[in-house]
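Structure record follows, encoded as structure tokens.
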Amino acid sequence: RIQQLNSIGFIWDPFDHTWNKHFNQLCAFKAQKGHCNVPQSDAKNKSLGLWVRRQRAYYKKNALSSSCVEQLNSIGFIWDPLEYIWNEHFNQLCAFKAQNGHCNVSTHDKQNKSLGEWVK
């Protein structure tokens, strides 16, 4: 009976099936965009963006299985995008200071406009 069900593509664990489907979509998104931060405002990827948000929420509640966490970590998933962005800007500021001797980044500096906005 099991073999018969398998032969017609019976899904034994709908959660795993759905999770893997979204994970594969996320991998494809990353291959195309270079990151895993799917915007929820993107109509084309709205479902995937919501799934990403749910994974982060489950992770914060410690409600995501270790295998799911490992799979997401393996593709460079960012668990806290705000912290990640802060650290990125901080590292840029350190590099700016090393090069310029100060942290006064102008918002008019075309090369460092984003960093200047962050420092402001």
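Below, the figures for the structure above:
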quantity: Selection count, the stretch 82-120, where residues are closer than 23 Å to H35 by Cβ and of a type in the set (S, T, N, Q); calculated: 6
quantity: Tabulated pairs, the stretch 52-78, first more than 14 Å from C36 (Cβ to Cβ), second aromatic (F, W, Y) and outside any helix (DSSP H, G or I), C-beta under 9 angstrom, 6+ apart or interchain; calculated: K60/W79
quantity: Residue in the stretch 91-112 that is without any contact (Cβ under 8 Å) to a residue 24 or more places away in the chain and within 30 Å of R54 (Cβ to Cβ) present; calculated: yes
quantity: Flag for Q40 being of a type outside the set (D, E, K, R), touching a Lys or Arg at 6+ places or on another chain (Cβ under 8 Å) and on the phi < 0 side of the Ramachandran plot; calculated: yes
quantity: I75, sole failed condition from (1) closer than 30 Å to V119 by Cβ; (2) touching a Lys or Arg at 6+ places or on another chain (Cβ under 9 Å); calculated: (1)
quantity: All positions within the stretch 21-33 that are closer than 20 Å to I85 by Cβ and open to solvent by less than 90 Å² (accessible area, probe 1.4 Å); calculated: L26, F29, K30
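The values are calculated or read from the model by the stated rules, or taken from the named source; none is laboratory data. Keep in mind it's a predicted model, so treat the numbers as computed, not measured. No Cβ is skipped: glycine too gets one built from the backbone with ideal geometry, and neighbour counts run over all protein chains shown. Side chains included, ligands, DNA and RNA excluded: accessible areas come from the protein's heavy atoms. Shrake-Rupley method; radii C 1.70, N 1.55, O 1.52, S 1.80 Å.
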